[in-house]
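A.B. asks: Below are the structure tokens for one structure; questions will follow.
The values are calculated or read from the model by the stated rules, or taken from the named source; none is laboratory data. Predicted model, so just to flag it, every value in this text is computed and none were measured. Note that we place each Cβ from the backbone using ideal geometry, even for glycine, and neighbour counts take in every protein chain shown. What goes into the accessible areas is simple: the full protein's heavy atoms, side chains included, and nothing from ligands, DNA or RNA. Shrake-Rupley method; radii C 1.70, N 1.55, O 1.52, S 1.80 Å.
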Amino acid sequence: MFPRPSFPPSYFVSTLVALLALPAMHAVAERVSEKAADKATVTGGTLTLEQAYDRALATDQTIRIAYWEIRKANLLPWSALAKLGPQITASGSYNRHDHGTRSTIVQTDTVLIDGVSTPVVTSFVDVTNHARGGVGEASITYTQPLIDFTVFPAFRFGTLSKVSTRYQHQFTIRETLFGVASAFYEVLKQQRLVEVDRETLRLTNQQLDLAQKRANVGEVTRADVLRATVTVEQARQQLVQDEGVLDIDRNTLANILNFAPDTHFSVVEPPDYPSALPMFTDLLSRAYGHREDLKVADLAVDQDVARRNQIVGTYGPKVVAQLDASRAHSSGSSTNSTNDWDAVVSVQVPIFTGGQREVDLLTANRQIEQTKLERDKTAKTVEVDVKNAWVTVRTLQQTLKALHAQVVAAEQGYHDLEIQYRAGTATSVDVLTSLHDLNDARKDLAVQTYGFQVALRNLEQVTGTFQEARVQRSKIP
């Protein structure tokens, strides 16, 4: 009913060697991380996206936490096997006693007084008795569990936990790298918006100069100058606001990459991502096969089954062998030495333990059903993530085409109205409205352009293939 699996000696030897090698492996990993961090340092005040990825892998705390979770999970199988390991207990004691008594003896003699024999005290004698001795005892107990049916489900649970934490580690790496890419492109987007603001401020200043010159010669009224002045100050205010947002975005990226607060750098725009859009069904199938969080959800069901089997194992008997050996020696008025040993094989068969095992077993069964539902929810989340990312990329592809055409038209419209205003055939309202439309079109194009690059990476992120090469290099064997 409860078969006891056998492990070859080579298994224990190889596992012991691996466990002993963990500190050395950790030291090597730390040195590799330090080298990677040095390699990913900002050089020449510029930061590429590839450097940002490498630095995040080397310094991010979330990734390191996931790594230590793996280190802890590696100990779980050993914790399970420890239940079958020998237990040795040694004890010793020494008892020293010293007993002493003191008494006084009265010595008398008989004297004839008036012919009568009368006892008379002649002396007092002190008598002292001492009894000293000691007892020393030492014992050793060796206990060897032979059969425990909770061990092997616990061992399986530990093995599954090792695999699960490795998947979680990979998932954390992907999420972190995608977060780096999002923050990196947020800086690029804000840099482009600041450039648009500066260009808009330059054009509004040109319009103000032109309106002032025309007002000086009486071609237009003072209202044109005032309207242009308002537009200039609005453009200046927008520039100041966007520069502040840019500083915040740069600080956010520096914080993610664990740069010092006073580190100054500028980001380098990476090449465009491949924009080919696969079929949705292909992406969904890829996600089901690669998403680590879905694999972790599948393993969670198996882990719950292993927990339930541990409870089932408590219904089986436990067989334990025990050897006791003791030695005692007493000293004093007489000496005595004894040697004793006992060998016992005991079998414990739990019949009824108050009903707690039955409650735990019912709870474990219900937990399995709940975990299966959570796994199904995770699968649904994966489908929604892929669909949303796929639709976003498809929408932005068409949106960018429209925005490019809109910017071209807005630039031409503003150029034409500016010429007409110089010739006196267009009003300042027309020119400033056209400039406002041009500014909005340029900003929309900048926002959607960088949003499209993030969306392409997000499409890989939700399918579990983002930065696959780096994730594979970072896998812990």
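A.B. asks: If you plug each phi of region 200-213 into the Karplus form 6.51 cos²θ - 1.76 cosθ + 1.60 with θ = phi - 60°, what whole-Hz ³J(HN,Hα) values come out, in order, with x for Gly and Pro?
C.D. replies: 5, 4, 4, 5, 5, 5, 4, 5, 5, 4, 5, 5, 5, 5
A.B. asks: So if I place +1 on the C-beta of Lys and Arg and -1 on the C-beta of Asp and Glu, and nothing else carries charge, what would the dipole magnitude of the chain be about its Cα centre? I want it in debye, nearest 20.
C.D. replies: 1040
A.B. asks: Could you tell me whether region 306-378 comes out rounded, prolate or oblate from its Cα gyration tensor? Rule is a ≥ b ≥ c as square roots of the eigenvalues, rounded for a/c under 1.5, then prolate if a/b exceeds b/c, otherwise oblate.
C.D. replies: Judged from the Cα gyration tensor, region 306-378 comes out prolate (a/c at least 1.5, a/b above b/c).
A.B. asks: What whole number of Å gives the distance from the Cα centroid of region 409-438 to the Cα centroid of region 317-375?
C.D. replies: Between the Cα centres of region 317-375 and region 409-438 lies a distance of 91 Å.
A.B. asks: Report the full-extension gain for the segment residue 320 to residue 206: residue separation times 0.36 nm, less the Cα-Cα distance, to one decimal in nm.
C.D. replies: 31.6 nm is the gain from fully extending residue 320 to residue 206.
A.B. asks: Given a Förster distance of 25 angstrom, what is the FRET efficiency for residue 102 paired with residue 340, based on the Cβ-Cβ distance and rounded to 0.05?
C.D. replies: In this case the efficiency is close to 0.05.
A.B. asks: OK, next. Using a cut-off of 11 Å between beta-carbons, work out the net charge of the residues near residue 327 (Lys and Arg +1, Asp and Glu -1, residue 327 not included).
C.D. replies: Every neighbour counted, the sum reads -2.
A.B. asks: Considering Cα pairs under 8 angstrom that are at least six residues apart, work out the relative contact order of region 129-245 and quote it in whole percent. Before the final figure, lay out each step's value.
C.D. replies: On the way: 38 pairs, mean separation 28.7, N = 117.
Normalised by residue count, the contact order of region 129-245 is 25 percent.
A.B. asks: Taking Rh as the Kirkwood radius, which is the inverse of the mean 1/r over Cα pairs, what is the Rg/Rh value for region 132-291? Working shown, then result.
C.D. replies: Details: Rg = 34.0 Å, Rh = 23.4 Å.
My calculation of the ratio gives 1.45.
A.B. asks: What is the distance in Å between the Cα centroid of region 229-252 and that of region 263-303?
C.D. replies: Cα centres, region 229-252 to region 263-303: 34 Å.
A.B. asks: For the chain, what relative contact order do you get, as a whole percent, if you take Cα pairs closer than 8 Å and at least 6 residues apart?
C.D. replies: Numbers: 619 pairs, mean separation 98.0, N = 477.
About 21 percent, as a whole number.
A.B. asks: Further question: Rounded to the nearest 20 debye, what is the charge dipole size of region 320-451 about its Cα centre when +1 sits on each Lys and Arg Cβ and -1 on each Asp and Glu Cβ?
C.D. replies: Magnitude of the dipole: close to 200 debye.
A.B. asks: Still on this structure: Could you give the length gained on full extension between residue 71 and residue 216, defined as 0.36 nm per residue of separation minus the Cα-Cα distance, in nm?
C.D. replies: 44.4 nm
A.B. asks: What's the carbon and sulfur percent of region 240-385's accessible surface, probe 1.4 angstrom, rounded to a whole number?
C.D. replies: In region 240-385, the share of accessible area belonging to carbon and sulfur is 55 percent.
A.B. asks: Now, a different point. Suppose we keep just the alpha-carbon trace of region 329-477; what are its Rg and Dmax in angstrom?
C.D. replies: 38.4, 134
A.B. asks: How far, in degrees from 0 to 90, does helix 428-463 lean away from the longest principal axis of the Cα atoms of the chain, to the nearest 10?
C.D. replies: 40
A.B. asks: Right, here's the next one. Considering only protein heavy atoms, with the full assembly of protein chains and a 1.4 angstrom probe, order 428, 346 by accessible area, largest first.
C.D. replies: Solvent-accessible surface, decreasing: 346, 428.
A.B. asks: How far apart, in nanometres, would the label points at residue 277 and residue 351 be if each is projected 7 angstrom from Cα along the Cα-to-Cβ direction?
C.D. replies: The two pseudo-label positions are separated by 7.2 nm.
A.B. asks: Next question. Using only the heavy atoms of the protein chains and a 1.4 Å probe, how would 68, 390 rank by accessible area, largest first? It would help to have the intermediate numbers written out before the result.
C.D. replies: Numbers: 68 110, 390 40 Å².
Putting 68, 390 in descending order of accessible area: 68, 390.
A.B. asks: Which is farthest toward the positive dipole end of region 351-477 among 429, 419, 448, measuring Cα position about the Cα centre, with Cβ charges +1 (Lys, Arg) and -1 (Asp, Glu)?
C.D. replies: Most positive-ward Cα: 448.
A.B. asks: At 1.4 Å probe size, with no ligands or nucleic acids counted, give the accessible surface of residue 262 in Å², nearest ten.
C.D. replies: 110
A.B. asks: Determine the relative contact order of region 198-250: mean sequence separation of Cα pairs under 8 Å and six or more apart, normalised by residue count, in whole percent.
C.D. replies: Relative contact order of region 198-250: 41 percent.
A.B. asks: While we're here: Kindly give Rg over Rh for region 340-428, based on alpha-carbon atoms, with the Kirkwood expression for the hydrodynamic radius.
C.D. replies: 1.73
A.B. asks: Which log10 I(q)/I(0) values does region 137-187 give at q = 0.18, 0.27, 0.30, 0.31 Å⁻¹ under the Debye formula, counting every alpha carbon as one identical point scatterer?
C.D. replies: -0.76, -0.97, -1.03, -1.05
A.B. asks: Right, something else. Accessible area of residue 147, 1.4 Å probe, to the nearest 10 Å²?
C.D. replies: 60
A.B. asks: Could you give the length gained by full extension between residue 258 and residue 394, i.e. 0.36 nm per residue of separation minus their alpha carbon distance, to one decimal place?
C.D. replies: Extra length available between residue 258 and residue 394 comes to 45.5 nm.
A.B. asks: Then there's this: Would you pull out the residues with amide H under 5 Å of residue 267's amide H, same chain only if 5 or more places away, H placed 1.01 Å from N?
C.D. replies: 47
A.B. asks: Can you give me the angle between helix 356-423 and the longest principal axis of the chain, using Cα atoms only, in degrees from 0 to 90, rounded to the nearest 10?
C.D. replies: 20
A.B. asks: Keeping all protein chains in position, work out how much accessible area residue 142 exposes to a 1.4 Å probe, and write it in Å² to the nearest 10.
C.D. replies: 90
A.B. asks: Still on this structure: Around residue 241, under 12 Å between beta carbons, what's the net of Lys plus Arg minus Asp minus Glu among the other residues?
C.D. replies: -3
A.B. asks: Among [x] 50.7; [y] 24.6; [z] 26.5, which is the computed mean projected area of the Cα convex hull in nm²?
C.D. replies: So the calculated entry is the one marked [x].
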